[in-house]
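Okay, structure first, notes after.
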Amino acid sequence: MKYTFLSGLLLLSVSHLSASTPTDNWQRADLLLQQMTLEEKIGQMNQISNKSKLTGPVSERGFKSLVELVENGMAGSLLNVTDLQSIRTYQEAALRSRLGIPLIFGLDVIHGMRTISPIPLGEAASFDLEAIERSARWAATETAASGIHWTFAPMVDISTDARWGRVMEGAGEDPYYGAQVARARIRGFQGDDLSAPNTIMACCKHFAGYGAATSGKDYNSVDMSRGHFYNYYMPPYKAAAEAGVATFMNAFNDFDGIPCTGNTFLLQELLRGRWHYQGFVVSDWNSVEEMVPHGYAANRKEAAKAAANAGCDMEMCSLCYFDHLKELVESGEIPEQKIDEAVRRILYAKFELGLFDDPMRYCDTNRLRQTVLSSQIRAAARDMAKRSIVLLKNDNQTLPLSPKIKHIALIGPLCDSQLDMRGGWAAEGVVDSIVTLRRALTDRGYTIHYAEGYNAETGLESNTAQALQAACQSDAVIVAVGERARDSGEARSRGELNLPSGQQELVKKLVSTGKPVVVLVMGGRPLIFNDIKNHAPAILFTWWLGTEAGNALCDVLFGDYNPGAKLPMTFPAHMGQIPIYYYYKSTGRPADPNKPHTTRFIDIDNAPAYPFGYGLSYTTFTFSTPRLEKTMIAPGEKTCLRVTVTNTGKRSGEEVVQLYVRDRFASLTRPVKELRGFQKIMLSPGESRTVEFPIDQEQLGFYTNEGNFIVEPGDFDIMVGNSSDQLQTVSLTVSK
Ligand code: NOJ
């Protein structure tokens, strides 16, 4: 059975084969393409979901079942098939098709498959690219063992708007950092060999600009200048293409008034043209058909035509290709060459995955059993989780808690909710395996005085007296507040990010007991909690940490691990500040609180609650005066900035040393600062290290409105520090 395709190929294509069987996967794809009918080619361009309306579209199109459709070669990929037995059944059906072309199985593996790591925005807070890469590799290992070849991740969309629920899936607001994280995640998922047992195909999504949805409302229109796009949104997509990501996904939104799925500027000019991208492009869910309600295509046939002609190679779900591509090719409205190009790319991916050599290589039940939730994977998830926790406040060294304490008041339903701690969009994450904070503390032998304190649904205080009594009986109070895990993610835009007053009032009352109070703020996005910020002595922002959440929290709470994470998004102090980000421009009237006619509000400050790059440690660091190797360089010349960082506290700890640049005068206005380098270093107490940042074109340049990356002569501020608002500046001149 499993060699159907190979024997078929030998019979059918003997005249095309050179003396030896081709080893190059493009040649193998070409040979196969020559054997295919138009229907078979179009079949490869259809991706069908196992979920939602499964029987409808399939039976309406004359097939008794999805299996029968696959047997007829009418699908190139399935998504959302998650059990090994079904994967095997569908794959066998594909092998029974005339040419026996195997299917690719895809799934949204966003932060782990069955063992769950922190939500991607949380992982990004680690500023630890190696850890992020490792985490993606573990996700790939479990995913590949589960029979799946392709994740629809990473989402690399930049967003400066915390109202947008999908910020939880990305790496935050910064284009430079976003590009680094995109590369790390792609390396982690794909490795060097897509056919290896611990790698899968990645998908860079959503191309392009999806994170700029107007007013943070999911699926909303996007409108921005080309210059803005090139400088602040494009870098992670470009980095993904350069990193060899196997696939790209279209975005739902329009871009310059044209839906991304049919957008030739994005798909042809940028992706295939300037970036020479070779992989294949998949639409987003129904996004081909959705060009009709966008008001761009008059009907599904026109939508299929626009998408295929623009270069969307595979259609996810809406079946416009299935229904119309054949007639569009026969009428000459789509050149068959377009279809050939798309199918060639899809076949190439299948060869790269090793599916033709052994279509069942991903279907090994023993491997699945040994891999899923193994102690190694759980240890890695715990490691990633502790690296993701951000220490926002720590007055009087409230943290770490002494391990000698015995009685802990544990307040808030989020402390004990497996579903919330797992985080949103968690693939096949096993809920029973999630270690909550309550469970982890109990396992460590603490006596827990638990009280709900507020209602998880309404956010209103509930039985405050019980919570206060628990506090009075205990040596320390840990209180978890925040949003629910289901409140961030796709279609989870929010118009209110202030934590409910019930949660904030409760914290104030707990603080007034005089006991040490640690607040854990949980959420999938920046949230606003000014009362807690002002009153609580210690605050950790914990995102959603996944399977090992409770253990990782204990590691940080009791000081077994010294937190070193930093915020990858600015935390607003007021809703009215959103969108808020650190790389704003000076404007002609820079903000001045004493001058009304400047860029400011009359009723709220401009300052965020917590800036990008902010995060504390249990130790302290000092930075020496930074020095530039040369303060004047010729165009194209390099220099280097050096700064010595010293751990001045009593614990070993990590610091993220951040480099920012400002081009003081340019032919296009430039932001007041832009991250252009960072290094995470570990220092023992008293230890010093000199950190070096090379400064060249990459640090000093920007994109013109035409998309050319240039460095202009003139004066630059080079800034270094441990947060975007704590920087020392030196001047650099690039001579003419
Ligand atoms: C829609 C989402 O926008 C996309 O990110 C996801 O991969 C697909 N649905 C498939 O679930």
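The values are calculated or read from the model by the stated rules, or taken from the named source; none is laboratory data. Source: prediction; values computed, not measured. Glycine gets a Cβ as well: all are built from the backbone with ideal geometry, and neighbour counts include every protein chain shown.
Observations, loosely collected:
- Whenever a residue of segment 490-512 is within 16 Å of the ligand (Cβ to nearest atom), its partners that are of a type in the set (A, V, I, L, M, F, W, C), lying with C-beta atoms within less than 8 angstrom and at least six residues away or across chains, give the pairs Glu490/Trp425; Ser493/Trp164; Ser493/Ala213.
- When segment 145-181 is filtered for residues that are more than 16 Å from the ligand (Cβ to nearest atom) and touching a Phe, Trp or Tyr at 6+ places or on another chain (Cβ under 6 Å), the ones remaining, listed by number, are Gly147, Thr160, Glu173, Pro175.
- Within the span defined as segment 231-241, one or more residues are aromatic (Phe, Trp, Tyr) and more than 20 Å from Asp313 (Cβ to Cβ).
- Among residues of segment 278-292 being part of a loop (DSSP other than H, G, I, E, B) and either under 21 Å from the mean Cα position of the chain (by Cα) or without any contact (Cβ under 8 Å) to a residue 12 or more places away in the chain (or both), the one that is farthest from the ligand (Cβ to nearest atom) is Val292.
- Test: residue in segment 182-196 that is within 15 Å of the ligand (Cβ to nearest atom), part of a loop (DSSP other than H, G, I, E, B), over 16 Å from the mean Cα position of the chain (by Cα) and among the polar types (S, T, N, Q): no
- Test result for Phe229, more than 16 Å from the ligand (Cβ to nearest atom) and without any contact (Cβ under 8 Å) to a residue 12 or more places away in the chain: no
- Just one of the listed residues (Glu242, Glu169) is closer than 24 Å to Arg134 by Cα and surrounded by 24 or more Cβ atoms within 10 Å (Cβ to Cβ), namely Glu169.
- Output for segment 449-481, where each listed residue is within 18 Å of Ala552 (Cβ to Cβ) and surrounded by fewer than 20 Cβ atoms within 10 Å (Cβ to Cβ): none
- Ala485 in contact with an Asp or Glu (Cβ under 6 Å, 6 or more places away or on another chain), surrounded by 15 or more Cβ atoms within 10 Å (Cβ to Cβ), at negative phi and at pLDDT 95 or above: yes
- Gly295 surrounded by fewer than 23 Cβ atoms within 10 Å (Cβ to Cβ), more than 16 Å from the ligand (Cβ to nearest atom) and not charged (D, E, K, R): yes
This table checks each residue for (1) at pLDDT below 95; (2) surrounded by fewer than 20 Cβ atoms within 10 Å (Cβ to Cβ); (3) charged (D, E, K, R).
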| position | (1), (2), (3) |
| --- | --- |
| Leu392 | no, no, no |
| Pro400 | no, no, no |
| Lys404 | yes, yes, yes |
| Leu410 | no, no, no |
| Ala427 | no, no, no |
| Asp432 | no, yes, yes |
| Val435 | no, no, no |
| Arg439 | no, yes, yes |
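- Segment 112-126 - residue that is closer than 20 Å to Gly211 by Cβ and outside any helix (DSSP H, G or I) and, of those, farthest from the ligand (Cβ to nearest atom): Pro118
- Residues satisfying the stated conditions in segment 413-453, i.e. touching a residue at least 40 places away in the same chain (Cβ under 8 Å), small (Gly, Ala, Ser) and farther than 21 Å from Gly524 by Cα: Ala440, Ala451, Gly453
- Pair list, Cβ under 6 Å, 6 or more apart: segment 353-382 residue farther than 20 Å from Glu428 by Cβ, other residue at pLDDT below 95 and of a type in the set (Phe, Trp, Tyr): Phe356/Phe5
- Scanning segment 201-221 for residues that are aliphatic (A, V, I, L, M) and within 14 Å of the ligand (Cβ to nearest atom) gives Met201, Ala202, Ala208, Ala213.
- Where Tyr610 falls short, out of the listed (1) surrounded by fewer than 19 Cβ atoms within 10 Å (Cβ to Cβ); (2) among the hydroxyl-bearing types (Ser, Thr, Tyr); (3) closer than 30 Å to Leu527 by Cα; (4) touching a residue at least 60 places away in the same chain (Cβ under 8 Å): (1)
- Residue in segment 146-164 that is assigned to a helix (DSSP H, G or I) and either surrounded by 24 or more Cβ atoms within 10 Å (Cβ to Cβ) or touching a helix residue (DSSP H, G or I) at 6+ places or on another chain (Cβ under 6 Å) (or both) present: no
- Test: residue in segment 579-596 that is β-branched (Val, Ile, Thr) and surrounded by 24 or more Cβ atoms within 10 Å (Cβ to Cβ): yes
- Qualifying residue in segment 712-723 (condition: under 14 Å from Phe665 (Cα atoms) and without any contact (Cβ under 8 Å) to a residue 40 or more places away in the chain): no
- Search result, residues across segment 127-145 that are outside any helix (DSSP H, G or I) and touching a helix residue (DSSP H, G or I) at 6+ places or on another chain (Cβ under 6 Å): Asp128
- Picking from residues in segment 232-275 that are among the aliphatic types (A, V, I, L, M) and outside any helix (DSSP H, G or I), the one that is nearest to the ligand (Cβ to nearest atom) is Met249.
- Take the conditions (1) assigned to a helix (DSSP H, G or I); (2) more than 18 Å from Leu616 (Cα to Cα); Ile405 misses just one of them, which is (1).
- When segment 336-360 is filtered for residues that are within 15 Å of Gly244 (Cα to Cα) and either of a type in the set (S, T, N, Q) or over 27 Å from the mean Cα position of the chain (by Cα) (or both), nothing remains.
- Qualifying residue in segment 89-111 (condition: within 16 Å of the ligand (Cβ to nearest atom), touching a residue at least 60 places away in the same chain (Cβ under 8 Å) and among the charged types (D, E, K, R)): yes
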